[in-house]
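Structure incoming, see below.
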Amino acid sequence: GGSMASCRRLSGAGLREVLGPAQGLLFDCDGVLWAGERAVPGAPELLERLRRSGKAALFVSNNSRRSVAELERRFSRLGFRGVRAEHVFSSALCSALFLRQRLLGGGGNGSGAGRVFVLGGEGLRGEVRDAGLRLAGEGEPAPGEPVRAVLVGYDDQFTFAKLAQACSYLRDPQCLLVATDPDPWHPLSDGQRTPGTGSLTAAVETASGRKALVVGKPNTYMFDCIVERFGVDPSRTLMVGDRLETDILFGKNCGLATILTLTGVSRLEEAQAYMASDSAAAKDLVPNYYVDSIADLIPGLDE
Amino acid sequence: AALPGPAPADWAQAPLDPAVGAVLVGFDEHFSYAKLCQALRYLLRNPGCLLVGTNRDHRLPLEGGAAIPGTGCLVKAVETAAQREAFIVGKPNRFMFDCVASEFPVDPARTIMVGDRLDTDILMGNSCGLTTLLTLTGVTALDEVQAHLDSDCPARHSLVPDYYVDSIADLLPALGE
């Protein structure tokens, strides 16, 4: 729709009006379902109630550290029941799918497709391997197997040497530069911040003179992956997230109504400031609705 | 000081030096995520903490056309994580010219800036009211200058030198015996 989002608190009758017609909800994970090792109180119950109401719950996360198999175990460990790996769309998985599409043409074997130089941890590297791609620096390089993509993810072992190596691969204009997500920083449980993929991507872009293709939110590729696997109708799906610049903008870009939850990164005042701004770009960061926590959605569902 | 533990969660617990009032980003071939973490912690702890970069060069050219990442990449990483802009000391900012002028009697109208890079050397020279001279023994080719000269954009005109030589050796004949 073309009308501007107005950041209304979702409660009471409004809750039922919004949740009633929804076929499913897309949830960001960090700051929405959990914070660090602690589930947001009431979040596991919300997912259970969604399941009982026959509404789908899918998960879309910019966090490129973990494989979806690890995420499935994490859901279970934190008390969420019935979430399977196939329901979870991480930027690590979607970056691997994106590279598979671009390097392998969506199918076929890996020969001649070229390798991927990954700046990231084992979770990300595993997703790229599982997509049928070969990593630079692993195994004997076959003739005709140049590095065809540099993938920048969350890399807490990032070094100048790796930056220089990435740049040497990127001198080949055929070599893609892909980033898992644009996040500049992530919150730690004590209120401090740790640098995100966005800061590492900025270094690689500056050195190589190239712009990265960014897979994660607010770009829409991860929604394409969701639609391809589950056939979701955007007009009957709600996006729930805690970060205005990624989750809420992602929802807007994909044609989803958006709910901001206040248990994570963004403050209500920031949403209100975007609403008051004259800039058209700022308006896209305003959520349709907000709640203090996703537990507040429970009364909107049938018993 | 060495950081405890292997992971960011550990690094975020390392004690911070209470006396730190500035983060200075220069060329660092040992740059790492851990250092980037620490820089971010200092900048967030105290909003008055300065963020300074020595320069924004993207690349340092090596022989044979290869290049290594320049300081500008590391500055950009810190700026992105901290969501703040650094104060850049190096060219094209005029700070270094001001340093020179404060120590030596420099009259811009009678001073020539000689350099090989348009977006640092020539831009600084033009901004400071110096006569600018481009030498072609470095990173810049003449057709780049022509493109800036032909452009409609006034900012690009600031990158055009007053003069050029193939090499600074070409200046010798002008200097008396």
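Within region A:243-287, count every residue that is buried (at least 20 other Cβ atoms within 10 Å of the Cβ), touching a Cys at 6+ places or on another chain (Cβ under 9 Å) and of a type outside the set (A, V, I, L, M, F, W, C).
Residues that pass the stated criteria total 2.
Checking the structure you have, find out if any residue of region B:10-19 is touching a strand residue (DSSP E or B) at 6+ places or on another chain (Cβ under 6 Å) and either surrounded by 14 or more Cβ atoms within 10 Å (Cβ to Cβ) or part of a helix (DSSP H, G or I) (or both).
Scanning region B:10-19 turns up no residue that is touching a strand residue (DSSP E or B) at 6+ places or on another chain (Cβ under 6 Å) and either surrounded by 14 or more Cβ atoms within 10 Å (Cβ to Cβ) or part of a helix (DSSP H, G or I) (or both).
Filter region A:31-55 down to the residues that are in contact with a Ser or Thr (Cβ under 7 Å, 6 or more places away or on another chain) and crowded, with 19+ Cβ neighbours inside 10 Å, then identify the one that is farthest from A:ALA281 (Cα to Cα).
The residue in question is A:VAL40.
Here's the yes/no breakdown for (1) within 25 Å of A:LEU15 (Cα to Cα); (2) over 14 Å from the mean Cα position of the chain (by Cα):
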{"residue": "A:CYS225", "(1), (2)": "no, no"}
{"residue": "A:ARG236", "(1), (2)": "yes, yes"}
{"residue": "A:ASP242", "(1), (2)": "yes, no"}
{"residue": "A:LYS252", "(1), (2)": "yes, yes"}
{"residue": "A:LEU262", "(1), (2)": "yes, yes"}
{"residue": "A:ALA276", "(1), (2)": "yes, yes"}
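Can you find, within region B:27-54, the residue that is least open to solvent (accessible area, probe 1.4 Å) among those that are away from chain A (no Cβ under 12 Å) and either among the charged types (D, E, K, R) or in a loop (DSSP other than H, G, I, E, B) (or both)?
If we take residues in region B:27-54 being away from chain A (no Cβ under 12 Å) and either among the charged types (D, E, K, R) or in a loop (DSSP other than H, G, I, E, B) (or both), then B:CYS49 is least open to solvent (accessible area, probe 1.4 Å).
Let me ask you something else. Could you give me the residue pairs with C-beta distances under 6 Å whose first residue belongs to region A:127-139 and is acidic (Asp, Glu), whose second residue is open to solvent by less than 60 Å² (accessible area, probe 1.4 Å) wherever it lies, and which are 6+ apart or on separate chains?
Pairs that qualify, where the first residue is acidic (Asp, Glu) and the partner is open to solvent by less than 60 Å² (accessible area, probe 1.4 Å), are A:GLU127/A:SER67; A:GLU127/A:ALA92; A:GLU127/A:LEU93; A:GLU127/A:ALA96.
Can you pull out the strands (runs of 3 or more DSSP E) entirely within region A:191-303 that have at least 2 residues that are within 15 Å of A:PHE27 (Cα to Cα) and in contact with a helix residue (DSSP H, G or I) (Cβ under 9 Å, 6 or more places away or on another chain)?
Passing ranges, in order: A:237-241, A:257-261, A:289-291.
Given the condition in contact (Cβ under 8 Å) with a residue 24 or more places away in the chain, in contact with an Asp or Glu (Cβ under 9 Å, 6 or more places away or on another chain), among the β-branched types (Val, Ile, Thr) and within 13 Å of another protein chain (Cβ to nearest Cβ), answer yes or no: does some residue in region B:69-88 qualify?
Yes; the residues of region B:69-88 include at least one that is in contact (Cβ under 8 Å) with a residue 24 or more places away in the chain, in contact with an Asp or Glu (Cβ under 9 Å, 6 or more places away or on another chain), among the β-branched types (Val, Ile, Thr) and within 13 Å of another protein chain (Cβ to nearest Cβ).
How about region B:12-26: which of its residues are farther than 16 Å from A:THR159 by Cα and either of a type in the set (A, V, I, L, M) or within 10 Å of chain A (Cβ to nearest Cβ) (or both)?
Residues satisfying the conditions are B:ALA12, B:GLN13, B:ALA14, B:LEU16, B:ALA19, B:VAL20, B:ALA22, B:VAL23, B:LEU24.
Still on this structure, please answer the following. Given A:SER168, A:SER199, which one is within 11 Å of chain B (Cβ to nearest Cβ) and open to solvent by 20 Å² or more (accessible area, probe 1.4 Å)?
The conditions single out A:SER168.
Here's a follow-up. Using beta carbons and a limit of 7 Å, which pairs, at least six apart or on different chains, have the first residue in region B:124-151 and more than 28 Å from B:VAL89 (Cβ to Cβ) and the second one at pLDDT 95 or above and open to solvent by less than 70 Å² (accessible area, probe 1.4 Å)?
That search, which allows pairs on different chains as well, returns B:LEU142/B:LEU136; B:LEU149/B:VAL160.
The values are calculated or read from the model by the stated rules, or taken from the named source; none is laboratory data. Every value quoted in this text rests on a predicted model; they were computed, and no experiment measured them. As a convention, Cβ positions derive from the backbone with ideal geometry for all residues, glycine included, and neighbour counts pool all protein chains shown. Protein only, heavy atoms only, side chains kept; ligands, DNA and RNA dropped before computing areas. Shrake-Rupley method; radii C 1.70, N 1.55, O 1.52, S 1.80 Å.
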